[in-house]
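Derivation of every value follows stated rules applied to the coordinates shown; laboratory data play no part. Since we're looking at a predicted model, the values are computed, not measured. Counting neighbours? That spans all protein chains shown, and the Cβs are built from the backbone with ideal geometry, glycine included.
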Amino acid sequence: MKRTILITGATAGIGKSTAHLFAQKGYQLILTGRRNDRLLSLKKELEEKYNTIIQTLNFDVRNIEEIEQSLATIDKAKFPTINILLNNAGLASGVTTIDNGLFSDWDVMIDTNVKGLLYVTRTLLPQLKEQEDAHIINIGSTAGKDVYQNGNVYCATKHAVDALSKSMRIELLPFGIKVTSINPGACETEFSIVRNHGDKAKADKVYEGFDPLRPEDIADTILYCAELPKHVCVNDLTVTCLTQANANYNIKKKVY
Ligand code: NDP
Ligand code: 8X3
């Protein structure tokens with residue numbers, strides 16, 4: 001039986017690259033996100049290329065009713081188990097001090113990165129607890145390990161993800177569920193476009209002068225963690241490009 005991964009936020013960036021890699025490696029996929037057109041074209045592309053089985057679920061992780069309704073439609077005949085839950089959907093919105101912050105930016109980050117991750121996990125846990133080899137992989141960030149100027153609320157949400165990963169690990173040990181937190185540094189995706197409210201020029205500047213991570217690099221890391229033997233669990237992994245030491249220190253120039 002092929003293993004199944006459910007990926008939140010599969011329409012772009014890290015989630016989409018992970019979908020490609022896991023399809024190529026023979027996994028079945030449940031792909032989720034808000035942009036249904038992207039989900040459907042990704043399903044078509046991957047099914048044709050890798051001859052695997054894919055179900056798409058179109059929901060907003062901030063909406064518990066949508067989550068419950070969508071997850072209830074998973075075809076149990078095709079997907080009797082969800083071996084890996086990749087909690088990846090997330091975003092930053094705005095880069096500014098707290099006193100200039102927009103409440104709407106704070107709400108979307110807290111609701112997506114913290115509550116959305118909790119909603120999806122809580123809804124799937126009864127099923128995961130009954131399985132032999134469930135694995136929850138949460139995408140945190142270097143922003144969940146340190147704070148940086150103008151990062152305030154985004155950093156707070158990723159610190160919350162860090163805390164939730166640690167809590168899940170303790171609570172889920174009795175059920176044999178692995179919990180892995182992967183914390184990427186700067187990775188060139190649509191992340192900075194979203195953070196800068198669609199300003200692509202500003203977003204591109206973020207990655208100028210250094211060689212950032214690519215989403216494929218994080219997909220590789222996720223695959224590594226997912227394929228370890230049953231008795232081995234990577235608890236927490238921070239991954240950066242070669243110029244970045246932590247959330248605050250990126251030399252941003254090629255010195256080698
Ligand atoms: P992208 O913007 O490229 O992708 C984000 C994904 O999240 C999209 O598929 C988007 O799908 C989904 N998403 C966002 N909001 C929601 C929502 N409310 N409901 C459902 N899905 C949602 O960014 P990345 O791939 O870079 O980001 C993925 C994760 O990695 C995030 O958690 C981010 O915080 C984290 N991260 C990113 C880093 C980076 O430098 N890029 C570094 C460290 C961590 P859709 O819009 O279709 O719903
Ligand atoms: C995303 C990376 O550097 O913007 O989590 O915090 S950073």
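Taking strands (runs of 3 or more DSSP E) that do not extend beyond the range 161-256, which have at least 3 residues that are of a type in the set (S, T, N, Q), in contact (Cβ under 8 Å) with a residue 24 or more places away in the chain and touching an Asp or Glu at 6+ places or on another chain (Cβ under 9 Å)? Don't jump to the end; show me each part of the working.
Values: elements: 178-184, 236-239, 244-246.
Per the criteria, 178-184.
Quick one: would you say Val232 is of a type in the set (A, V, I, L, M) and loosely packed, with under 12 Cβ neighbours inside 10 Å? Step through it out loud before you land on a result.
Values: of a type in the set (A, V, I, L, M): yes; loosely packed, with under 12 Cβ neighbours inside 10 Å: yes.
The answer is yes for Val232.
For residues in the range 98-124 being free of Cβ contacts under 8 Å to residues at least 40 places away in the same chain and more than 14 Å from Ala156 (Cα to Cα), which is farthest from ligand 1 (Cβ to nearest atom)?
The selected residue is Asp99.
Would you mind stating whether Ile218 is within 11 Å of ligand 1 (Cβ to nearest atom), more than 26 Å from Asp107 (Cβ to Cβ) and surrounded by 22 or more Cβ atoms within 10 Å (Cβ to Cβ)?
On the way: within 11 Å of ligand 1 (Cβ to nearest atom): yes; more than 26 Å from Asp107 (Cβ to Cβ): yes; surrounded by 22 or more Cβ atoms within 10 Å (Cβ to Cβ): yes.
Yes.
If I filter the range 167-192 down to residues being surrounded by fewer than 17 Cβ atoms within 10 Å (Cβ to Cβ) and among the aliphatic types (A, V, I, L, M), which single residue comes out as farthest from Ala134 (Cα to Cα)?
Ile170
Could you list all residues from the range 131-141 that are closer than 11 Å to Asn83 by Cα, free of Cβ contacts under 8 Å to residues at least 60 places away in the same chain and either part of a strand (DSSP E or B) or of a type outside the set (A, V, I, L, M, F, W, C) (or both)?
Correct list: Gln131, Glu132, Ile136.
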